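Quick notes on the structure that follows.
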Amino acid sequence: MELPVIVGVDGSEPSLRATDWAADEAALRGLPLNVVYASLWERYEGSALAADLGKPLEEVLAEDIVEGTARRARLRRPGLEVCTHVVPDEAEEALVRESRNATLVVLGTRGRSGVAEAVLGSVSMTVAGHADCPVVLVRGSHDNPAAGPVDGRVVVGLGEGAEERAVLRFAAEEARLRGVPLEVVRAWRRPAHDPVDHPLIVGGPARAHERRAADALEAALSDLPPELKVHPRTAEGHARRVLAAASRDAELLVVGARRRADQYTPHLGRVAHTVLHHSRCPVAVVPHR
């Protein structure tokens with residue numbers, strides 16, 4: 001069974017941008033696209049307009065939103081199979097539930113108004129922290145464009161542990177689908193207690209930490225397909241800052257997020273949390289346990 005690409009929409013310009021990205025991704029993977037509108041908008045916008053229309057406000061908005069979004073996706077990618085779903089539920093709960101039977105969930109990160117913007121931001125972070133499949137957040141708006149100069153590459157941050165291989169595999173597949181190189185970045189830091197001012201040992205400890213980072217990078221890359229063009233790189237500094245800087249001229253940034261046993265506690269980690277707020281390109285958050 002082919003699991004679809006899911007895009008969560010709310011009628012905003014960022015959600016339409018997310019739809020474009022999701023349609024491209026579904027076409028690349030040869031998968032159907034499911035357009036999902038899920039919200040209980042009356043909690044935020046009131047019921048006055050709904051009374052004038054003689055039906056629940058969220059139903060009227062939902063019909064317009066999902067049909068218009070589906071038309072946009074079909075025009076962008078003719079031949080793409082597109083389905084629509086209206087779910088009268090909290091967006092966070094509905095999209096996390098959808099993620100259990102999806103290849104990927106795609107979201108924008110800003111809403112239609114001050115209140116909706118805060119809600120959508122909360123939805124994005126919650127879904128990224130709880131989803132069972134990778135989640136891509138497409139950042140930006142007209143006054144804050146997400147896309148910088150793109151040189152055609154996928155960037156992935158390599159963290160600790162064997163579970164990071166799932167993150168690396170996802171990034172490698174994204175690079176392969178696009179026919180672009182994969183840049184694998186391993187950040188390293190000198191511990192605060194390392195001496196830095198003795199003339200006979202300056203640079204020694206730093207080189208040792210960098211060497212360990214390079215060894216970890218080399219070991220992880222052994223599992224990648226030989227035909228994939230890979231650019232390994234070590235960088236000194238906080239991983240979250242190194243990756244945010246790398247996003248400025250990337251097509252996609254991929255990071256991992258460890259899942260806790262407590263399903264009610266979202267855990268993105270500092271790296272994922274920071275790049276979701278500061279990345280200049282779409283960010284894929286890949287869960288692992």
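Under the condition of being crowded, with 21+ Cβ neighbours inside 10 Å and either among the hydrophobic types (A, V, I, L, M, F, W, C) or at pLDDT below 90 (or both), the residues counted in segment 141-158 number 4.
Close Cβ contacts (under 6 Å, 6 or more residues apart or on different chains) running from residues in segment 1-25 that are within 13 Å of A70 (Cβ to Cβ) to residues that are aromatic (F, W, Y) comprise V9/Y37. Pairs meeting the criteria (first residue in segment 276-289 and without any contact (Cβ under 8 Å) to a residue 24 or more places away in the chain, second residue among the charged types (D, E, K, R) and surrounded by 16 or more Cβ atoms within 10 Å (Cβ to Cβ), beta carbons under 9 Å, at least 6 apart or on different chains) are H277/R139. Against the condition assigned to a loop (DSSP other than H, G, I, E, B), at pLDDT 80 or above, closer than 20 Å to R71 by Cβ and in contact with a Ser or Thr (Cβ under 8 Å, 6 or more places away or on another chain), how does L31 come out, does it pass? It is true that L31 is assigned to a loop (DSSP other than H, G, I, E, B), at pLDDT 80 or above, closer than 20 Å to R71 by Cβ and in contact with a Ser or Thr (Cβ under 8 Å, 6 or more places away or on another chain). Quick check on E163: is it surrounded by fewer than 16 Cβ atoms within 10 Å (Cβ to Cβ) and either modelled with pLDDT under 70 or closer than 26 Å to V283 by Cα (or both)? Yes, satisfied.
The values are calculated or read from the model by the stated rules, or taken from the named source; none is laboratory data. None of these values were measured; they are calculated from a predicted model. When we count neighbours, we look across all protein chains shown, and the Cβ atoms used for this are built from the backbone with ideal geometry, even at glycine.
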